1. Taking segment 35-76 as the region of interest, how many residues are polar (S, T, N, Q) and part of a loop (DSSP other than H, G, I, E, B)?
2. Do you know which residues across segment 16-52 are at pLDDT 80 or above and not hydrophobic (A, V, I, L, M, F, W, C)?
Amino acid sequence: MKMFKGSIILMVALAMFSVSLWGCAGNIPEAQRVDYLNMNFGKSFESAKNNQILNPDAGKNLEPVVGLNGEAAEYGVDKYKKSFETQEMKRDVKPAASTFNIME
């Protein structure tokens with residue numbers, strides 16, 4: 001019985017180890033990962049450098065940024081908040097065939 005219990009613990013540990021390696025592997029092949037990194041390497045630095053060249057005194061301007069007026073901004077925020085309010089689900093609508101639903 002101890003032999004059986006030890007082998008189960010070993011198999012569970014091996015399964016957890018293999019799943020953790022699989023999760024860290026990612027879904028992009030190694031060759032494509034390197035190309036993607038090389039393609040975007042330095043873009044953030046170049047963008048910051050170009051912004052500083054265009055307006056080197058931007059940090060000295062302490063005036064507030066002029067843009068959207070208060071009423072329009074408040075309307076936009078209210079509309080954004082209302083988009084998260086849930087409506088009652090209609091009973092006649094069935095879930096998609098690929099949906100796993102325990103409630104039904």
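1. Filtering segment 35-76 down to residues polar (S, T, N, Q) leaves 38, 40, 44, 47, 50-52, 55, 61, 69.
Of the ones still in play, those that are also part of a loop (DSSP other than H, G, I, E, B) are 55, 61, 69.
Looking only at that region, the number is 3.
2. Ser18, Gly42, Lys43, Ser44, Glu46, Ser47, Lys49, Asn50, Asn51, Gln52
The values are calculated or read from the model by the stated rules, or taken from the named source; none is laboratory data. As the structure is a prediction and not an experimental result, all values here were calculated from the model.
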